[in-house]
Every structure is written in C-alpha cells, then in structure tokens.
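See below for the structure under consideration.
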Amino acid sequence: MDVTSLYIPQETFGSKTVSVTLPCPPNPAKAKKLALARKLKEEKMKNPAKPHMPSEEQEQEKERERKRMQEYIETEIGPAKVSKWYMGDYANTDEEENDSVHLVYMQAGRWFRQADVIIKQIKVDVVTFHLTFPVERFMVVRTRTTTDYETVLALVNALNEFLGKRFVEVVVRQKTDNPFEVALQVTPISRLDQVVKHLAQHGFDSGPAPSHVLCLQEGDIIELEFSGNIECTDNVPDQLIYKSNVPTVTYFTVKEENKFRQKEHEYFSGLICLTRKYLQPTQKNKKPMTTGQGHDDQREWKSERICSLQLNIPKYHLTPNAEPLKAPVQITDTTGPVDKDLLMTLADQMGDEWKKVAHYLGVHKARVQAIIRNVTVGERSERDAKYDMLLTWIKGAAKALDKVSALSAALDNSDRNDLAETVRRRGKGSLDTRRMTLVS
C-alpha cells in the first residue's frame, strides 16, 4: 500500500473547487518495467547500429546484445521462474499488477471513501483530482484492485493513528532565588535538553525531574490540577493545547495551602497533575463508511490522567514582614587563621560567586535561599548575606577540619584565586606565629 496524505484548511473552500496535484508512490512493478525500458533505451543510444557492418559481424553484435540484456534482467529482476514483485507480495499474472487509487478523507473524526472522484495519473508518481467540499484531512492510497473498501479504510485509520502519535515529556522548573515561581512545558523528547537549558537561562534551574515519556496527539487538551499542600495563586490557563510546532508552556506562582500542615517536613509539598482530553468517535459509529458528505460530528470527549509531578516549596516565607529571628552566631576560636576579620574581608570582596562558594563549602541550598530571602524582606545587605553564609559554614564545620584548605579550595573552584591566595597567606602567617611562640 502506498500512501500520500495532506491537510487542507476548511477556510480554503467556499463555493469553489480545489484542484490538488501531489506525488503518490508508483506501483513497484510498473516502476521496474519503466526503469528497464529506460535502461534499454540508454544502451541503444550508447551503442548505435553501424550501417556498414558486415552481415556476420552484425549477427554477432546482436547476440552479444541479447546476452548482455539477459544477464541484466536476471541480475536486476531475477530468474524468469520467479514471480513478479508487486507491492510487498509476488504477483502471478499481469492482471494482478494493475492497481487502484483511492481518495479517503476524514470528517468528524472518521474516515470515508469518496467513490465518485476522478483521480488522474499525470505521471508515474504524480496524481491530480478535484475537491468540492472541505475535509479535515485526506489520503491518496494505492492498493491492489482486489483490496476491498473496508480494508482500505481500516489500513488508513491505523496509519493515521500511528502517524499522529507524539512522544513528549513534561518539564517543571522553579526559580532558584524564588522557588514559588514555576514554569511548566510539554516538549518533544528530542528537544528535552534544549528546553531545560533554555529555562535555566531564564532562572528556572531547579525542580523535579522530567516526567516519563508520554504519548499525545496534535490538538490534545492538557488540564492542570493541584493537589496536596500547594495551590496556584495566578489565573493560570485551565487548559493547554498541545501543538508540536508551538511551545506548550505556561508560567505560574504557587504557595502552600495550609501553613500548619506538614510540620515535620522541611518543605511544603504537593502534586501537579496533568490530564489529557481528546475526542474519540462514539462506539456505535466506529464502523467505517465508504461514502458521504456533511456527516454529523458524533464524537465524545475522553479523559485520562497522564502524569503527576511533585513540587516542593520552602518554609522560610512564613514571616514575610520581618527578618526571621535567629540566635547570634559567634566564632569562639579567635586564635585560628579563619577568624571574624578574615570572613568580613571575604564578604567585602566576593561578588555573585558567593553562591558557588557556598555550594563547594557544602552549605545547604535551602539555607542559601533563606539567606537571600532575609536580604529581600529585611534590612540586611548583600555583604551581610555573604558573611551569614560563611558563618553558617563555620558553625557546621568539624573542629578537626582544615578550614584554610577547605575555604581556599572553594574559592579556587569559584574562580576567585586571589581570595584563595589571601586565605592561604593568612594560614601560613598564623602557622609561623605559632611556631615562634613555641620556640620562645
């Protein structure tokens, strides 16, 4: 079976007739015959008959030509005893090499065969015909003459369902500095890495892992629901329409539903649930028909849950009008090289890379987010935030840890080699001072 499909918008029609010319794969048996005839013609043009050739030499030339063409036929088509190849099967007679070309079209979600249309084959692989009424989509199908109409429609329906499948994944990302802002995008699996990178460039670089691979079709409606202890605070669209050539993405803000729930957890947690809605022909009208126009749209909506993604939001925003109270943190070991003066110096000289330094020092991401939030809602400065991060690290570091090595390594990894050298010099100076004290 050879198929060519096309979609024509209904706005194209009115009272007009649309002439359609499109390629349609040829009958393989006929194509091979034409190729053989073309080959013979080219051979004759390359070796024209010589007018003054003696009779005996002419006969020898004809014999050589016959043997050469016989070898070509056996090589390209096969021995004479093998049946002729026809559309995936072997034909036994020349009559079976004949084919039929059908025009089938979709209307109201069902496939029909237009029996009275005249399809002209203007070339071996090009056909033309006229459409007099609007259709959702159509296919031109070439089959054997012995193939019945119901088989054609069944094959077309199965092929359309397979070609209409789109394999996608759902990506949910949150902003690092404000995890309440969320981006959700349904993307083809081939573009997953590009979409994740694009969202990260806009600040959406944290969140749950992408969903498992889902199967959608063009035009499917995706509904969003929130469950658990999160809710959406924006007027996010209740429905998204999936189109593979248009980004299916939405942005929204979430918050906790009840701040007194999930007290034992570090985060408020909930689910984003996605449901697919699609049209399907009713059960009583699933039987294919062969002709007809202006059919009623006898389809019904179906729904199925396709995935659920867990979303976590931190709890540091519960007192947004003032900076959360905290116990004062002081450095008790004032004799070591890493003292308050060194930390204040680093806080003054560090830039935006202080978040990288926090990562390499092992400061938890939630603590970094809380420090940033304190700067946003309170009266603390960026310098205070950097100093608080270093104090958090000092407080949680083991007593036996070589703090000079750990801090200088974190600064090196964050591309602040100058500050790392400052820390190392401070450590070396402190060590020399201790040695001199021991000698005296």
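What to note about this one:
- The GluC sites (Glu not before Pro) of region 358-425 meeting both criteria, a DSSP state outside H, G, I, E and B (loop) and at most 10 other C-beta atoms within 10 angstrom of the site's C-beta, are Glu379.
- When nucleic acids and ligands are ignored and a 1.4 Å probe is applied, Met45 ends up with an accessible area of around 140 Å².
- Solvent-accessible area of Asp352 with every protein chain in place, 1.4 Å probe, in Å² to the nearest 10: 130 Å²
- Given Lys243/Lys302; Lys46/Lys67; Lys263/Lys386; Lys315/Lys399; Lys315/Lys365; Lys175/Lys403, the pairs whose alpha carbons are separated by over 21 Å: Lys263/Lys386; Lys315/Lys399; Lys175/Lys403
- Accessible surface ranking for Glu231, Glu225, Glu59, 1.4 angstrom probe, highest first: Glu59, Glu225, Glu231.
- Fraction of accessible area attributable to carbon and sulfur, region 105-144 (%, probe 1.4 Å): 51 percent
- A 1.4 Å probe over all protein chains sorts Lys277, Lys428, Lys30 by accessible area into Lys428, Lys30, Lys277, starting with the largest.
- Cut-off under 5 Å, modelled amide H: who pairs with Val126 long-range: Cys24
The values are calculated or read from the model by the stated rules, or taken from the named source; none is laboratory data. Treat the numbers as computed from the prediction; the structure is a model and nothing was measured. Quick reminder, even Gly has a Cβ in these numbers, built from the backbone with ideal geometry, and neighbours come from all protein chains shown. Accessible surface is based on the protein model in full, side chains and every heavy atom, while ligands, DNA and RNA are left aside. Shrake-Rupley method; radii C 1.70, N 1.55, O 1.52, S 1.80 Å.
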